[in-house]
Every structure is written in C-alpha cells, then in structure tokens.
Amino acid sequence: DEGTVELVIESINDPPVLTAPAARSVDEDEPLVVTGITVVDPDIDTDARWIEAWDITKSIFLEIQKTCAASGVDLLVMTIPCQDQVVPAAREMEYEWYPDVRTLPMDWERPGKILSRFFHESGIDHLQLYPELRRLAEERPDTSLYFKLDAHFRPEGHQAVGEILKRKIEGKYKG
C-alpha cells in the first residue's frame, strides 16, 4: 500500500533570549562595568498568578489521567485554539478594537506550547489543533472556520476538526 503522511512538528522548547548592551571598548588594565544583561527563558512564566494557574491546570489534567487509567479508559486531550490564534485577520480585528493589545508581548502559540510540553512529559495523549487549523486557514482563506464575531466554529470548522480527530484516532488504533 502507498499513502501520504503529513507530519506536523511543534516547537516544545524555545531557546533562551539573551539581551546585552552594545559593544564597548576599554583601555588595557582599566575596569569595565557591564550592566543590562538579561537572559529570559520564554518557556517559563515569571508572574506568580500565571504560575499558579498553570499548576492548577496541570494538576487537574493529572487527576483526569489517573481517573482514566484506573477505569481502563484511554485519554486523549484535544486543545482548541481561539480564532485569534488561527486567523490573522481576526487578530487584526482584535487589535482594532483593543489597540493597546498590539503593544503587549504576545506569543499566540505559547499556551499550546506549554500544554504540549506538559502532556508530552506526562504521557498524556494530546491533539493540538492549532498547526493544522492554521494551515487550513492559510490554504483556504475564502473558507471561514469560525464565526466572524464569535469564538465558535462554523460548520466548516466542525468538519475540519472532525477530520483531524478522525485521522488521529485512526492512526492510534490502526494496526
């Protein structure tokens, strides 16, 4: 048999970001004080509220995993991205309504990356819809997956998610 397999690779661990001042020079045997060097790991939240929120979320998923395992039930977690993550035009509309959002350091993929890494490390089967829905939105810009002023899927969005989920389930149990 011949077939085509699409492989979607997600970034799980982004490299640290180093910020340093511009190059400086100093005469030999003279001291040089360098300030303004920062190293940030974009995969780690430093805001205590977000740390607590992610810890609670993770503990809930671990409890669900434990309950499923005790019952002999397979667990598959499917994360559904918001329209702003998938459709760039929706993000632009958000920026028009809330101009200050544009100035915030937004990583629209970050929640999915955090969850993907956690699910991977915890052995929880996971279906991250973001990459495939984003690809569909780019390939078919005339097809709306979401309602324009609403976060819910249109019939085309439900169809796309159903097809993605079907492939995932068939791939898991084929054999």
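The values are calculated or read from the model by the stated rules, or taken from the named source; none is laboratory data. As the structure is a prediction and not an experimental result, all values here were calculated from the model. Cβ coordinates were reconstructed from backbone atoms using ideal geometry, including for glycine residues, and neighbour counts include every protein chain displayed. When the accessible area is computed, the model is the full protein with side chains, heavy atoms only, and any ligands, DNA or RNA have been set aside. Shrake-Rupley method; radii C 1.70, N 1.55, O 1.52, S 1.80 Å.
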Report the one residue of L145, P15, P81 whose Cα lies farthest in the direction of the positive end of the charge dipole of the chain (charges on C-beta: Lys and Arg +1, Asp and Glu -1; origin at the Cα centre).
L145
Antiparallel content of DSSP bridges confined to the chain, in %, to 5
50 percent
Would you mind telling me the share, in percent, of accessible area of the chain contributed by carbon and sulfur at probe 1.4 angstrom?
56 percent
Burial ranking of peptide ranges 55-64, 113-122 (average Cβ count within 10 Å, highest at the top)
113-122, 55-64
By the C-alpha gyration tensor axes a ≥ b ≥ c (rounded if a/c is under 1.5, else prolate when a/b exceeds b/c, else oblate), the shape of segment 107-175 is oblate
Beta carbons within 10 angstrom, averaged per residue: use that to sort the peptides 95-105, 129-139, highest first.
129-139, 95-105
How much area per residue is accessible in the chain when the probe is 1.4 Å and only protein heavy atoms are counted (Å²)?
73 Å²
Protection proxy ranking of 66-78, 157-169 - average other beta-carbon atoms within 10 Å, highest first
157-169, 66-78
Tell me whether the chain comes out rounded, prolate or oblate; compute the Cα gyration tensor, take square roots of the eigenvalues as a ≥ b ≥ c, and use a/c under 1.5 as the rounded threshold.
prolate
Grab the beta carbon distance between I60 and R24, set R0 = 41 Å, and tell me the FRET efficiency rounded to 0.05.
0.25
27 Å Cα cut-off, lysine pairs counted over the chain (separation 8 or more, or different chains):
16
Cα shape, segment 67-115, gyration tensor, a/c 1.5 rule:
prolate
For the modelled label position 7 Å from the Cα of A48 along Cα-to-Cβ, which residues of segment 86-128 have backbone nitrogen atoms closer than 19 Å?
none
